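Structure, as structure tokens:
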Amino acid sequence: MPPILVVGSVAYDTVKTPFGEASEALGGSATYFSVSAGFFAHVSLVAAVGQDFKEEDWRFLESRNIDLQGLKRVDGKTFRWVGEYGYDLNDARTLDTQLNVLAEFQPNLSDAHRDIKHVFLGNLDPKIQRDVLAQVTKPQLVACDTMNYWINGHFNSLLETLRRVDILIINDAEARQLTRESNLIRAARKIHGWGPGTVVVKRGEYGALMFQRDVQGRISVFGTPAYPLEDIFDPTGAGDTFAGGFMGYLAGVGRSDWASLRQAVVFGSVMASFNVEKFSLDRLRNLTFTEIELRYKEFKEMTRIDDVVEWQPDSRV
Ligand code: AMP
């Protein structure tokens, strides 16, 4: 299986939703990404955790097709995030962020990691994202995520990272905040101008939109709804799980043409839809390939349009 290199946070999350809460649960952008992408490709995870990182969590990641050679256990505490959701599950409120060991993290890639072609720069300090990318010899496809925390505090650094990124995967509120544009087409156009030729905007329960600019500057758009779910427990990690399915699929098939990117958006949506069914990574822990395949087929069926009767523009009576 072709490998993907991911850098991001590995965290203990404390999360409250209207349906329950989880305290100090395994989370982090790189964790969700790796477990999700691990269904499609081999993942090499680059991050740091503290001395408090639990042995059982290390073993769980190891058991998921994830190479942990780049996961460093250093002195200090693991990254902590405390968040809350109201009934609008699209709106995550950050109550506390403690970077802990990630504040001083200086990634140093092994020779094997430097050769990897698919790179995902998960939500993390844009400077660390750049440090990782600079060490990769010939990256073929680089995707990146970020969030309000980094947009607010490290805007110029983030723009510097984006210059070397092919695909930005970002949620709608963050796309608006990053570009100061309320319209998502304008927002995507602005992001294209900064570097990424492809922009995937995640819209929570409303699905995802993908924009791609061609050499003439024309923009192609692809959109899907989210998989309709009656019970959503915890949206934490949905974005990273989406990115894992998206990049995992592309690395797995070894393609990045428009048709494959469209399929990748659907696989991303499928993976995210499973993740939100339970707290933390609980749903991904027992997810099967058969379930993924079935939901992908349902997705295709749900969005198919058949021209039963051909519509004629001049057929008014
Ligand atoms: P999302 O997929 O956007 O829901 O990402 C949720 C994950 O991002 C949580 O598991 C958090 O641990 C992690 N996270 C939250 N804030 C940050 C941050 N500032 N930098 C890196 N990771 C973060």
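Some notes on this structure:
- Any hit, region 163-178, residues being under 22 Å from L141 (Cβ atoms), loosely packed, with under 15 Cβ neighbours inside 10 Å and in contact with a Phe, Trp or Tyr (Cβ under 9 Å, 6 or more places away or on another chain): yes
- Per-region count, region 35-52, residues within 19 Å of F105 (Cα to Cα) and within 13 Å of the ligand (Cβ to nearest atom): 3
- Residues that are open to solvent by 40 Å² or more (accessible area, probe 1.4 Å), modelled with pLDDT under 95 and away from the ligand (no atom under 11 Å from the Cβ) within region 75-102 comprise Y87, D88, D91, R93, listed in sequence order.
- The residues on offer are L294, L284, and the sole one that is surrounded by 17 or more Cβ atoms within 10 Å (Cβ to Cβ) and of a type outside the set (S, T, N, Q) is L284.
- Candidate set from region 108-131 (those that are more than 30 Å from D231 (Cβ to Cβ), within 14 Å of the ligand (Cβ to nearest atom) and not in a strand (DSSP E or B)); member that is nearest to the chain's Cα centre (by Cα): L124
- Residues that are closer than 28 Å to R163 by Cβ, open to solvent by less than 50 Å² (accessible area, probe 1.4 Å) and within 13 Å of the ligand (Cβ to nearest atom) do not occur anywhere in region 221-234.
- Residue count, region 59-71 (criterion: buried (at least 16 other Cβ atoms within 10 Å of the Cβ) and modelled with pLDDT of 95 or more): 7
The values are calculated or read from the model by the stated rules, or taken from the named source; none is laboratory data. It should be emphasised that the depicted structure is a prediction, and the values quoted were computed from it without experimental measurement. So basically every Cβ, Gly included, is an ideal-geometry build from the backbone, and we count neighbours across all protein chains shown. Quick note on the areas: whole protein, heavy atoms, side chains included, nothing else; ligands and nucleic acids left out. Shrake-Rupley method; radii C 1.70, N 1.55, O 1.52, S 1.80 Å.
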